[in-house]
């Protein structure tokens with residue numbers, strides 16, 4: 001009788017164990033299916049929503065993996081929820097070189113005190129390799145008491161989805177860059193100009209448009225050859241980017257004509273005007289030193305309210321540029337509609 005009871009107990013224990021294993025497998029399968037559905041929806045959202053950028057993906061990563069902080073490292077930028085002045089940000093930024101060189105997931109508990117850092121190397125497609133925002137690695141921080149094997153396993157699987165989403169965003173940005181960039185000067189092209197002008201005109205804030213035309217550019221080409229002319233065009237864009245504000249955009253509209261556009265704070269309009277009044281002399285001096293040529297600009301500057309049509313506002317600033325040419329070139333003609 002004793003033996004039968006033991007056998008029965010063993011049978012019951014085995015049955016209970018099998019039952020628990022089956023239930024656990026069912027829970028895992030349900031969780032995997034849910035994660036797969038969630039992953040599909042995330043990828044679909046990123047693919048169809050053109051407003052999703054790397055900063056948005058960093059926020060998605062934090063929300064989906066439960067990490068406290070995350071940082072994406074690329075060749076030129078760092079994307080994070082942390083402020084640049086935060087000590088954790090500064091610590092991770094100092095260590096960024098070691099994050100860029102890894103080729104497999106790394107778990108590190110010594111970089112930031114009290115935290116487990118999961119460092120994931122991001123693989124990107126060949127198409128985006130030339131893009132200046134190529135993400136090389138991602139660092140996620142978890143409090144030490146929250147990290148376990150189950151969470152680590154989930155993070156590993158979710159990072160594959162994250163990598164797909166990053167490639168979607170970077171590919172879209174790269175394609176836009178190729179479509180909207182002038183191949184010679186690397187300025188935005190006329191297509192980008194029209195799209196951005198619409199945004200500026202409907203932005204609700206005052207804006208400025210500066211039209212720029214190289215004086216006697218045909219003569220430069222005829223005298224020194226087209227390679228030298230190309231150097232002048234590239235120098236002009238480089239110089240414009242160096243003297244305008246970081247948020248302003250430089251466009252090549254075609255040939256030797258360029259435009260610069262940006263929003264303007266009415267309280268800062270005098271500062272902008274004072275600076276642009278120096279552009280003619282500043283450009284001529286810089287061109288002489290760099291190109292060893294006597295090159296000048298004709299400029300038309302319009303400061304205007306938003307809400308106008310593209311054709312109307314371009315006609316206004318084009319007239320200003322024409323007046324500069326009629327005045328003998330190497331000058332700027334200004335109209336301020338805010339006064």
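Only the coordinates and a few stated rules stand behind these numbers; no lab work does. Since the model is a prediction, treat every value here as computed from it, not as a measurement. Heads up, the Cβs are rebuilt from the backbone with ideal geometry, glycines too, and the neighbour counts pull from every protein chain shown.
Couple of notes before you dig in:
- Fewest neighbouring Cβ atoms within 10 Å first, the residues 208, 322 line up as 322, 208.
- Three-way shape label, the range 171-293, alpha-carbon gyration tensor, a/c 1.5: oblate
- With contacts taken as Cα pairs under 8 Å and at least 6 residues apart, the chain reaches a relative contact order of 13 percent.
- Projected label points at residue 319 and residue 144, each 7 Å from Cα along the beta carbon direction, are separated by 7.2 nanometres.
- Projected area averaged over orientations for the chain, convex hull of C-alpha atoms, nm²: 24.8 nm²
- The range 41-180: translational diffusion in µm²/s, Stokes-Einstein, Kirkwood Rh over Cα pairs, 25 °C, 0.890 mPa s: 160 µm²/s
- Taking the fewest neighbouring Cβ atoms within 10 Å as the starting point, the ordered list for 315, 324, 80, 298 is 315, 80, 324, 298.
- Modelled FRET efficiency - R0 35 Å, residue 327 with residue 224, Cβ distances, 0.05 increments: 0.85
- Inter-centroid distance (Cα atoms) of the range 191-266 relative to the range 277-306, Å: 11 Å
- Take every pair of alpha-carbon atoms less than 8 Å apart whose residues are at least six positions apart; their mean separation over the length of the range 41-180 yields a relative contact order of 28 percent.
- Pairwise FRET efficiency - residue 337 versus residue 199, Cβ, R0 = 22 Å, nearest 0.05: 0.70
- When the chain is treated as a GNM with alpha-carbon contacts under 10 Å, the residue of 183, 227, 121 showing the greatest mean-square fluctuation is 227.
- Approximating the spin labels as points 7 Å out from Cα along Cα→Cβ, the residue 231-to-residue 273 distance works out to 3.8 nm.
- Relative exposure of 252, 136, judged by other C-beta atoms within 10 Å (fewest first): 136, 252
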